[in-house]
Amino acid sequence: MQIIPIQTASKNYEVFVGEGIRKEIRSFLDKHFNNLTKILIITDETVGKLHLEKLLDCLKPLEPVIFTAPSGEKAKTFEVFYSALGTALENRLDRKSVVLALGGGAVGDLSGFVAASFMRGIPFIQIPTTILAHDSAVGGKVAINHPLGKNMIGAFHQPEAVFYDLELLSTLSGQEIRSGFAEVIKHALIHDLEFYGWLRTNINNLATLTTEQLTYSLTKGIAIKNEFVSRDEKETGVRAYLNFGHTLGHAIESDMGYGNFTHGEAVMIGMVFALELSMKLKGLSFNLNEFIEWVQRLGYATKIPDGLVNEQLIQKMKQDKKTIGETIRFVLLEQIGKPCLEEIPEDLLLKELNNF
């Protein structure tokens, strides 16, 4: 087991990483929750079938309330959020209750927002089941989507702990592995040249990741996430750098329809575009062709999907959380490990998108 401490202005907690680590959750509850009344597990249809019984076995003789959301981004609608709150009310959860988020990033976002909203905030614990969630489960950003923008309705609500059981990652599809690993690559690009070099040298096939490679990649990614979150919990400054690749990525997700294109794969396209902009506008010295060849070998698309209109993507970008007064801002790189926030005029952005 590895333990990664997370420090934020509002709360310090730990991320526990290891195979079978879910078996430690019961003892954590006994130790940290006096007079625990009820447990609400929020999961989704896919994860529930695969892993819910494994978690319930670890919690016996406790009998949690279960709420099952639709799989993927369909979990992050107002209707599902409202229904989950209804389940909490019907089963008489109170301020001594706790929410367990069993699933990927979408379930974690939904569960955290439910916990943040119910009775103005009750505790929750993240139990990620995807690689992508190594990013979203840490840092306390919880939200649901709106048709006009991703993660635009939410809160900052830190978990009590994160239990990252690597055994639960064994059922991931190749597409889900790609989606998650894009965030690992992002963390390296914005913070750690040495880690980026390690990835380029050691990760050549996502289908054959070893447990050691995966553990190292995830723990490095989580530690890098903490570097930004600890300095800027509410994203008023440097935490925005974690959105590298996300401005275009979120626009692609939204235009494709949430759930029709995975988050990480959209972010990868956004990163390629941001790297290109960084070379043109910030003088970044970087071999983009080699990067593109590498990520294409890993299975990523690197171009905007056919059928999307650049002008429409720009309108989506104007609804990005980093946008101020409809001025679009991109996270760019001055060099690997040195990000910055740059305002991009709309005419220049359209020109570069057309060239891209």
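Going by neighbour counts of Cβ atoms within 10 Å, the residues Phe81, Phe356 line up, fewest first, as Phe356, Phe81. The magnitude of the dipole of the stretch 174-355, with charges of +1 and -1 set on the Cβ of Lys/Arg and Asp/Glu and taken from the Cα centre, is near 240 debye.
Going from the fewest other Cβ atoms within 10 Å to the most, the residues Arg239, Arg95 appear in the order Arg95, Arg239.
Students often get this wrong: which residues of the stretch 138-155 have the backbone nitrogen under 12 Å from the point 7 angstrom along Cα-to-C-beta of Tyr82? The answer is none. Only Cα pairs under 8 Å and 6+ residues apart enter the sum, and on that basis the relative contact order of the chain stands at 15 percent. When the chain is described by a simple charge dipole with +1 on each Lys and Arg Cβ and -1 on each Asp and Glu Cβ, the residue from Thr37, Val114, Ala223 located farthest towards its positive end is Thr37. Taking other Cβ atoms within 10 Å as a rough exposure proxy, Thr247, Thr171 sort from fewest to most as Thr171, Thr247. Annotation for the stretch 1-41 versus the stretch 157-208: alpha-carbon center distance of 21 Å. Over the stretch 174-355, the pair-distance histogram of Cα-Cα distances with 10 Å bins from zero comes to 9, 39, 38, 13, 1 percent, rounded to whole numbers. Placing a pseudo-label 7 Å from each Cα along the Cα-to-Cβ vector at Ile153 and Gln213 gives an inter-label distance of 4.1 nm. Peptides 19-25, 284-290, 67-73 ordered by packing proxy, namely the average of other Cβ atoms within 10 Å per residue, highest first: 67-73, 19-25, 284-290.
Read the figures in this text as sums done on the coordinates, not as results from a lab. The model shown is predicted, which means the values in this text are computed figures rather than measured ones. As a convention, Cβ positions derive from the backbone with ideal geometry for all residues, glycine included, and neighbour counts pool all protein chains shown.
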